[in-house]
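**Q** Here it is, the structure in full.
All of the numbers you see were taken from the coordinates with simple rules; none came from a lab. Predicted model only: the values in this text are computed from it and were never measured. Neighbour counts run over all protein chains shown; Cβ positions are idealised from the backbone, glycine included.
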Amino acid sequence: MEILDLYDKDMKLTGLTIERGKRIPPGFMIPIVAVYVYNDKGQYLIQKVAPQKGNYYSTTAGHVQSGEHDFALAMLREMKEEIGLSATKSELKLVKIRRYDYKFTFLYMLKSNVPAEMLRIQKDEVESVMWMSHEDIDLLCKMGLFNRYHYQFLLDCEERLQNKR
């Protein structure tokens, strides 16, 4: 059972918690972390979520557990757990904080050229990982197979990359 901290709309910790999967009370929010890992070829590390978890494609993301108040460290934990990718906090770049309904998502980027076959995936969460181009991700989106929120995250990341050039 995962316990999550509840925050107010201004991202202030309330001191209250909730069990993951329970309905978030009105006026409260939970934090989520997501990362787009990209490589020198302009590809993104995409995971296919395990069938029992939804069987769709997305980037690596997860809930911030109760007591995790450093969201970058929560992101590093999720990456290590789900896909076996290690990084340092300084390698993560915060792109944006997005708000959706009852959650706010801390979106990060990470540059890595690790071969997908070298990653150890958490089989109960992730079926597979692969490097994909934006065009391939677009195709999955058009087919309804890619998480639509995560697609918006991709656009946020690409905007950030464009602004860095």
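**Q** Please work out which one of (1) within 17 Å of the chain's Cα centre (by Cα); (2) surrounded by 15 or more Cβ atoms within 10 Å (Cβ to Cβ); (3) assigned to a loop (DSSP other than H, G, I, E, B) is the condition Asp124 fails and give its number.
**A** (2)
**Q** Going through segment 82-97 one residue at a time, which ones are assigned to a helix (DSSP H, G or I), charged (D, E, K, R) and surrounded by fewer than 20 Cβ atoms within 10 Å (Cβ to Cβ)? First the steps, then the outcome.
**A** So the first thing to find is which residues in segment 82-97 are assigned to a helix (DSSP H, G or I), and the list is 82-83, 89-91.
If we keep only those that are charged (D, E, K, R) as well, we get 82, 89, 91.
Residues satisfying the conditions are Lys89, Glu91.
**Q** Name the single residue, out of those in segment 132-151 being touching a residue at least 12 places away in the same chain (Cβ under 8 Å) and under 24 Å from Arg23 (Cα atoms), that is surrounded by the most Cβ atoms within 10 Å (Cβ to Cβ).
**A** Among residues in segment 132-151 that are touching a residue at least 12 places away in the same chain (Cβ under 8 Å) and under 24 Å from Arg23 (Cα atoms), the one surrounded by the most Cβ atoms within 10 Å (Cβ to Cβ) is His150.
**Q** For Val129, which of the numbered conditions (1) aliphatic (A, V, I, L, M); (2) more than 19 Å from Ile32 (Cα to Cα); (3) free of Cβ contacts under 8 Å to residues at least 24 places away in the same chain fails to hold?
**A** Val129 satisfies every listed condition except (3).
**Q** Against the condition more than 23 Å from Glu82 (Cα to Cα) and over 17 Å from the mean Cα position of the chain (by Cα), how does Asp40 come out, does it pass?
**A** Numbers: more than 23 Å from Glu82 (Cα to Cα): no; over 17 Å from the mean Cα position of the chain (by Cα): yes.
For Asp40, the condition - more than 23 Å from Glu82 (Cα to Cα) and over 17 Å from the mean Cα position of the chain (by Cα) - is not met.
**Q** Could you give every pair whose Cβ atoms fall below 6 Å, whose first residue belongs to segment 82-93 and is within 21 Å of Ile121 (Cβ to Cβ), and whose second residue is outside any loop (DSSP other than H, G, I, E, B) and polar (S, T, N, Q), counting only separations of at least 6 or pairs across chains?
**A** Here the result reads Glu82/Thr60; Ile83/Thr60, each pair linking segment 82-93 to a residue that is outside any loop (DSSP other than H, G, I, E, B) and polar (S, T, N, Q).
**Q** Follow-up. Do you know which of the residues in segment 50-60 that are touching a residue at least 24 places away in the same chain (Cβ under 8 Å) and small (Gly, Ala, Ser) is surrounded by the most Cβ atoms within 10 Å (Cβ to Cβ)?
**A** That would be Ser58.
**Q** How many of the residues in segment 138-153 are in a helix (DSSP H, G or I), within 29 Å of Tyr102 (Cβ to Cβ) and out of contact with any helix residue (DSSP H, G or I) (no Cβ under 6 Å at 6 or more places or on another chain)? Show your work before the answer.
**A** Pass one, segment 138-153, residues in a helix (DSSP H, G or I): 138-142, 148-153.
Checking the rest, the ones that are also within 29 Å of Tyr102 (Cβ to Cβ) come to 138, 140-142, 148-153.
Now drop any that are not out of contact with any helix residue (DSSP H, G or I) (no Cβ under 6 Å at 6 or more places or on another chain), which leaves 138, 140, 142, 148-150, 152-153.
Adding up the residues that qualify gives 8.
Every residue, every condition in (1) of a type in the set (Lys, Arg); (2) part of a strand (DSSP E or B); (3) surrounded by fewer than 16 Cβ atoms within 10 Å (Cβ to Cβ), yes or no:
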site: Pro31; (1), (2), (3): no, yes, no
site: Lys48; (1), (2), (3): yes, yes, no
site: Gly62; (1), (2), (3): no, yes, no
site: His69; (1), (2), (3): no, no, yes
site: Leu76; (1), (2), (3): no, no, no
site: Met79; (1), (2), (3): no, no, no
site: Met109; (1), (2), (3): no, yes, no
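**Q** Filter segment 1-27 for residues that are within 14 Å of His63 (Cβ to Cβ) and either touching a residue at least 40 places away in the same chain (Cβ under 8 Å) or exposed (fewer than 13 other Cβ atoms within 10 Å of the Cβ) (or both) and give the result.
**A** Applying the first criterion (within 14 Å of His63 (Cβ to Cβ)) to segment 1-27 yields 1-7, 17-22, 24.
The answer is Met1, Glu2, Ile3, Leu4, Asp5, Tyr7, Thr17, Glu19, Arg20, Gly21, Lys22, Ile24.
**Q** Kindly provide the set of residues from segment 1-59 that are of a type in the set (A, V, I, L, M, F, W, C) and over 23 Å from Asp70 (Cα atoms), ordered by number. Lay out the reasoning, then the answer.
**A** Applying the first criterion (of a type in the set (A, V, I, L, M, F, W, C)) to segment 1-59 yields 1, 3-4, 6, 11, 13, 16, 18, 24, 28-30, 32-35, 37, 45-46, 49-50.
Those that are of a type in the set (A, V, I, L, M, F, W, C) and over 23 Å from Asp70 (Cα atoms): Leu45, Ile46, Val49, Ala50.
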